[in-house]
1. Looking only at Cα atoms, what is the convex hull volume of the chain per residue, in Å³?
2. Which aspartates and glutamates, if any, have their Cα less than 13 Å from the Cα of Lys131, not counting same-chain residues under 8 positions apart?
3. In terms of modelled amide H atoms, which long-range or inter-chain residues lie less than 5 Å from the amide H of Ile30?
4. For segment 1-100, state which GluC sites (Glu not before Pro) are in a DSSP loop and have at most 11 other beta carbons lying within 10 Å of their beta carbon.
5. What list of ³J(HN,Hα) values in whole Hz, one per residue of segment 18-31 in order, does the Karplus curve 6.51 cos²θ - 1.76 cosθ + 1.60 (θ = phi - 60°) give from phi, with Gly and Pro shown as x?
6. What number comes out for the charge environment of Gly36, summing +1 per Lys or Arg and -1 per Asp or Glu over other residues with Cβ under 13 Å away?
7. Counting only DSSP beta bridges with both residues in the chain, tell me the antiparallel percent, nearest 5.
8. How large is ³J(HN,Hα) for each residue in segment 113-126, as worked out from phi by the Karplus curve 6.51 cos²θ - 1.76 cosθ + 1.60 (θ = phi - 60°), to whole Hz, x for Gly and Pro?
Amino acid sequence: MIAQLRGILSHTADTHAIIDVQGVGYLVNISSRTQGQLAAQDGAVTVLTEMIVREDSMTLYGFHDASERDAFRLLITVQGVGAKAAMAILSVLSPADLSSAIMAGDKAMVARADGVGPKIAQRVVNELAEKIGRFPSLGDGLTINISGVTGGEDLPGASAMGDALSALINLGYGRSEAHAALLRVQQAGDADDLSGLIAAALREIGG
């Protein structure tokens, strides 16, 4: 399994790059966001990789950092989302933006990706809402915009917030209600760990 490549960028395009590692050229499928980051670098470049092995092929996918790789791993767990669709999503959404879309239930953001229709976008949002907290790296730089519920304020921190949101939903509260309560807790600074967030949010919901 190839987990990382470091070498000279010999060719780049919107969907792939060729990285020369000691005379061997590796074709790596990348998002357009990663393409832009690689093209801006001088000298040797480093990409994290994920290898997808099938009966008739072995394909490398490359990522600028761990958050993009983790987002890819998360996306391909969704029914109907293959590696190509996952890379299309990551071409239009940064990992933090993807986290924001998932936690806000915003399928329209996901559907901006080429080849991703509203049904698949809805599935991404629904299936990943409870998983997003398991990938702390996706929270780097996260801001959550809950338009129409809270006036669009920003809410930082994906890991504890994602777990708290999942817990509240599992307790039977609606997504919008749980989002709004967690935002009020965060703004008030009433708690900063998981148990505290849940307890404070329950107090908010209970009035």
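1. Once divided by residue count, the hull of the chain is 133 Å³.
2. Asp70, Asp163
3. Close amide H contacts, sequence-distant or interchain: His16, Ala17, Gly62.
4. Here the sparse-neighbourhood loop sites are Glu55.
5. 10, 10, 8, 10, 6, x, 10, x, 9, 8, 10, 6, 9, 7
6. Summing Lys/Arg as +1 and Asp/Glu as -1 gives -1.
7. Details: 22 of 24 bridges.
Antiparallel: roughly 90 percent of the beta bridges in the chain.
8. Each residue of segment 113-126 in turn: 6, 4, x, 10, x, x, 5, 5, 4, 5, 5, 4, 5, 5 Hz.
Read-outs: derived from the displayed coordinates by stated rules, not from any lab. What you see is a predicted model, and the numbers here were worked out from it, not measured in a lab. With ideal geometry, Cβ positions are generated from the backbone for all residues, glycine too; neighbour counts draw on all protein chains shown.
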